[in-house]
Amino acid sequence: MLGVLAVDLFKQIDDYKTAAKAGYFLDHEFQKIKNYSGISATDLSSPLLDPSGVVNHSHVNRQDIAFLAQAEQYADIEAARNTVKAVFEAIQSCSNGSRHPYGTLLYLRYIKFDFDTNVYSKMGYSSSHYYKLRRQALCQFAEILPVKKLQYQYKNYNLIPDLLVYKN
């Protein structure tokens, strides 16, 4: 009886609608946010980025940073950078085993912004198996993202929508 009660506490997610909503966010809204943030796919895959988002080399132009700190757009850029970090960490937190390579799939498709055909060819999957895995990966991403959103919330900015769609 206790197991049944625990299951009832969680609403059933509509996999297809959640995956569609998450895919749209990553394909359209996230790409605009990423562009605005100034963070490239190379930066996200580079070990030079530390958790604070600062590049670990000594030739950082301190005058540019001082100028940005005074510019009106600084808060917008900082919110965009935090959003990119939250999305990237959510993707990194997804399962990434041989049976569920969700993190790799999402990284290639939405961070590297590669075509689906290239991704499933690189991963060695048929298109039908790939699209099933992609749907599952997007759902897991949508479940993880709220935690990362809370961690990286910047002031009153709300650039990350709720991606979970529940069944009635």
Counting only protein heavy atoms and leaving out ligands, DNA and RNA, the solvent-accessible surface of ASP15 at a 1.4 Å probe, in Å² to the nearest 10, equals 70
Sort SER127, SER37 by accessible area with a 1.4 Å probe, largest first.
SER127, SER37
Would you mind classifying the stretch 98-145 by shape? Square roots of the alpha carbon gyration tensor eigenvalues, ordered a ≥ b ≥ c; an a/c under 1.5 is rounded, otherwise it is prolate if a/b is larger than b/c and oblate if not.
oblate
Once the cut-off is 21 Å, how many percent of the Cα-Cα pairs in the stretch 74-168 end up in the long-distance tail?
37
Those lysines that a straight Cα-Cα span of less than 22 Å connects to LYS148, excepting residues fewer than 8 apart in one chain
LYS11, LYS17, LYS21, LYS32, LYS34, LYS85, LYS112
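The values are calculated or read from the model by the stated rules, or taken from the named source; none is laboratory data. Everything numeric in this text was worked out from a predicted model, so none of it was measured. Accessible surface is based on the protein model in full, side chains and every heavy atom, while ligands, DNA and RNA are left aside. Shrake-Rupley method; radii C 1.70, N 1.55, O 1.52, S 1.80 Å.
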